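Working notes for the structure below.
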Amino acid sequence: MTTTGFTDGGLDAYLQAEQGGFALDSAIQADRGQVVAVLGPNAAGKSTALRVLAGLQPLTDGWVRLAGRTLEDPQTGVRVPAQHRRTGLVPQDSLLFPHLSVLDQVAFGPRHQGLTRALSRARAAVWLDRTGLDRLASRRPAELSGGQARRVAITRALAAEPQMLLLDEPLAALDVRAVVELRTFLHHHLRDHDGVTVLVTHDPVDAMVLADHLVVLDRGTVVQTGTPAAVARQPRSAHIAALVGLNMVRGRASGTTLHVADAEPAIRVITASPHEGEAFCTFAPTAVSLHPQRPVASPRNVWRGTVSGLTPHGDAVRVALDGRLPLLADVTPAAVAELGLRPGVEVWASVKATEVHVYAA
Amino acid sequence: MSPPGRRRLRPRSAHGATGAPPWQLVLPALVALSLLVLPVIGLLSRAPWSTLPERLADPAVLDTLRLSLLTATTATGCCLLLGTPLAWLLARADIPGRRFVRALVLVPLVLPPVVGGVALLTAFGRQGVVGQWLDSLFGVRLPFTTVGVVLAQTFVALPFLVLAVEGALHSADSRYDDLAATFGASRWQTFLRVTLPLALPGVASGAVLAWARALGEFGATITFAGSYPGTTRTMPLAVYTALNSDFDAAILLSLVLLVVSVGVLVLLRERWTTGVAA
């Protein structure tokens with residue numbers, strides 16, 4: 001865990017808030033200059049977390065402290081309105097003001113921090129120059145592509161020189177090329193931003209690439225926190241395992257054998273290193289081999305499954321298997337043809353024990 | 001210009017899938033259309049075309065027209081200044097009894113205009129609830145003045161503007177307001193720089209409706225402000241007065257009112273629809 005330097009420009013938040021169906025209950029902390037990614041599936045409470053931080057929705061309990069200032073604390077009755085929070089929000093669908101030119105969009109924040117029209121436009125021009133959008137300055141939002149609109153929205157938030165930058169799914173709903181460009185753009189400008197950045201995303205790749213620290217949310221509560229590398233190495237829920245593209249099983253370990261939880265009759269997973277008690281074990285889809293018949297050779301872990309889906313995954317094909325142990329396997333396109341893989345086909349899957357990692361639950 | 005072929009395609013293909021429109025709908029529609037168009041044709045056919053130029057040159061006609069345009073435009077301005085904030089309160093603010101307030105706004109819409117005029121007299125007349133104070137404190141008397149005409153027109157036109165603007169505010173995305181707040185804008189700044197520009201098409205159509213209603217106002221005006229040439233006799237009142245003495249003059253005044261109102265509406269519509277699309 002990072003230490004919270006909220007007095008030194010950092011964020012220290014413990015958020016409890018109402019949202020449709022369940023309650024948000026989550027701690028989010030970041031040092032000045034750090035990027036925290038809030039990662040989770042749809043309706044995990046990510047957008048609610050952003051709205052609460054921005055002051056657009058009240059906390060039911062907890063606190064928000066930013067840069068030495070308490071922005072909200074229901075117990076003491078403190079609630080700084082959104083207008084005075086010094087945040088820079090990038091909404092999910094950019095939400096550019098349709099009646100303002102790009103220059104005036106970006107000048108909007110400075111203008112409402114008390115600068116004159118001329119000075120705020122001058123500052124906007126500097127920011128547009130910095131983010132490489134100066135040639136779009138006179139355009140209207142309707143004349144921008146999705147990727148351009150997103151970059152303008154990000155520049156608009158940066159130009160407000162916020163103590164906390166809030167990004168809601170900045171890479172969602174764009175075409176592939178725009179995503180690649182925008183990821184580079186974000187990487188560059190988030191690193192330069194010296195306030196706190198909170199980034200909400202459902203995409204583990206974005207979170208891993210852009211963030212210093214991850215907060216994994218599911219149904220409003222924190223499932224896991226840590227550096228991107230640590231979370232990817234040892235996910236603590238099936239959902240995150242799926243997000244980072246790992247097969248994961250939970251069960252009770254005894255020596256090098258893990259008995260899968262709630263499996264009747266028993267399913268065993270043989271692991272490389274011994275472990276005792278409740279544990280997770282994970283293995284990559286690339287570690288799974290598929291065979292038309294039960295393999296006779298050495299692999300210790302062999303299960304039967306039915307192909308339920310095939311999707312391209314880089315140079316490989318990711319095969320989803322249904323069965324008593326649902327699995328993901330990455331195979332070459334040649335293997336797909338050779339094995340005649342298509343939905344409904346039965347195959348055998350094998351994993352070497354040395355490929356299975358085990359850690360305490 | 002789009003090719004003529006494509007223009008014709010659209011309505012054809014629209015009913016091509018479901019067959020020809022049923023006569024049960026076409027017949028009443030044609031009756032409705034003739035009901036709307038026949039009176040206008042009547043007006044045009046009975047117009048005193050031969051004496052038209054000299055009658056139009058009559059300064060009395062121009063004075064009446066000027067008074068009508070002045071009062072209707074001023075009333076529309078009052079509606080904009082007062083009605084837009086009211087519409088904002090109804091659409092965006094947390095006010096108690098919102099439904100009751102909205103019902104109050106609609107009253108002039110369902111009230112017969114003459115009754116509206118009587119009601120205005122009881123409020124702003126010399127013996128009225130407010131009128132007697134205006135008179136004794138400031139020496140201001142509203143009935144039977146041009147200001148009284150504007151008041152009567154504002155009274156009947158205001159609901160049109162409030163309804164149109166409130167509708168526009170409801171359909172405008174309030175997340176823009178939230179976003180403006182996070183950038184440090186106060187609610188007033190947000191209203192001026194975000195909410196109002198986004199609702200502008202609704203405000204414009206509301207203003208057009210209010211203007212048309214004010215221009216045609218008769219009942220409340222004649223009851224509250226009387227019919228004094230030069231100060232309170234607007235075009236509709238002049239038409240009514242002329243009916244009793246000079247039928248041709250009545251038709252002429254009606255024609256002028258028709259041309260001016262339709263002309264202004266078409267002009268504004270053109271301007272605003274292109275403005276909004278850009």
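The values are calculated or read from the model by the stated rules, or taken from the named source; none is laboratory data. Because the structure is predicted, anything quoted here is derived from the model rather than measured. Here the Cβ positions follow ideal geometry from the backbone for every residue, glycine too, while neighbour counts run over all protein chains shown.
Things to note:
- Condition met for A:Arg294 (in a loop (DSSP other than H, G, I, E, B) and in contact (Cβ under 8 Å) with a residue 24 or more places away in the chain): yes
- Summed over segment B:183-197, residues that are aromatic (Phe, Trp, Tyr) and either touching a strand residue (DSSP E or B) at 6+ places or on another chain (Cβ under 9 Å) or under 21 Å from A:Leu165 (Cβ atoms) (or both) total 1.
- Among the residues making up segment B:167-178, those that are in contact (Cβ under 8 Å) with a residue 12 or more places away in the chain and either within 14 Å of chain A (Cβ to nearest Cβ) or under 9 Å from B:Ala87 (Cα atoms) (or both) are B:Gly167, B:Ala168, B:Leu169, B:Ser171, B:Ala172, B:Asp173, B:Ser174, B:Tyr176, B:Asp177.
- For segment A:10-52, taking the residues that are more than 17 Å from A:Val216 (Cβ to Cβ) and within 14 Å of chain B (Cβ to nearest Cβ), the one that is surrounded by the most Cβ atoms within 10 Å (Cβ to Cβ) is identified as A:Val52.
- Options A:Leu158, A:Leu133; residue that is farther than 22 Å from B:Ala185 by Cα, among the hydrophobic types (A, V, I, L, M, F, W, C), in contact with a helix residue (DSSP H, G or I) (Cβ under 8 Å, 6 or more places away or on another chain) and crowded, with 21+ Cβ neighbours inside 10 Å: A:Leu133
- Set A:Val249, A:Val260, A:Val296: member being at pLDDT 85 or above and over 23 Å from the mean Cα position of the chain (by Cα): A:Val260
- Among residues that are crowded, with 21+ Cβ neighbours inside 10 Å, in the same structural domain as A:Asp194 (by TED's automatic domain parsing), closer than 16 Å to A:Arg156 by Cβ and of a type in the set (A, V, I, L, M, F, W, C), A:Val90 is included.
- Screening B:Ala152, B:Ala164 for residues that are in a helix (DSSP H, G or I), within 30 Å of B:Gly230 (Cα to Cα), touching a helix residue (DSSP H, G or I) at 6+ places or on another chain (Cβ under 7 Å) and touching a residue at least 12 places away in the same chain (Cβ under 8 Å) leaves exactly one candidate, B:Ala152.
- Selection within segment B:49-66 - over 27 Å from the mean Cα position of the chain (by Cα) and under 11 Å from B:Ala249 (Cβ atoms): B:Thr51, B:Arg55, B:Asp58
- Residue count for segment A:78-131, restricted to those that are touching a strand residue (DSSP E or B) at 6+ places or on another chain (Cβ under 7 Å) and either away from chain B (no Cβ under 13 Å) or under 25 Å from B:Pro201 (Cβ atoms) (or both): 3.
- Test: residue in segment A:264-283 that is at pLDDT below 85, of a type in the set (Val, Ile, Thr) and surrounded by 14 or more Cβ atoms within 10 Å (Cβ to Cβ): no
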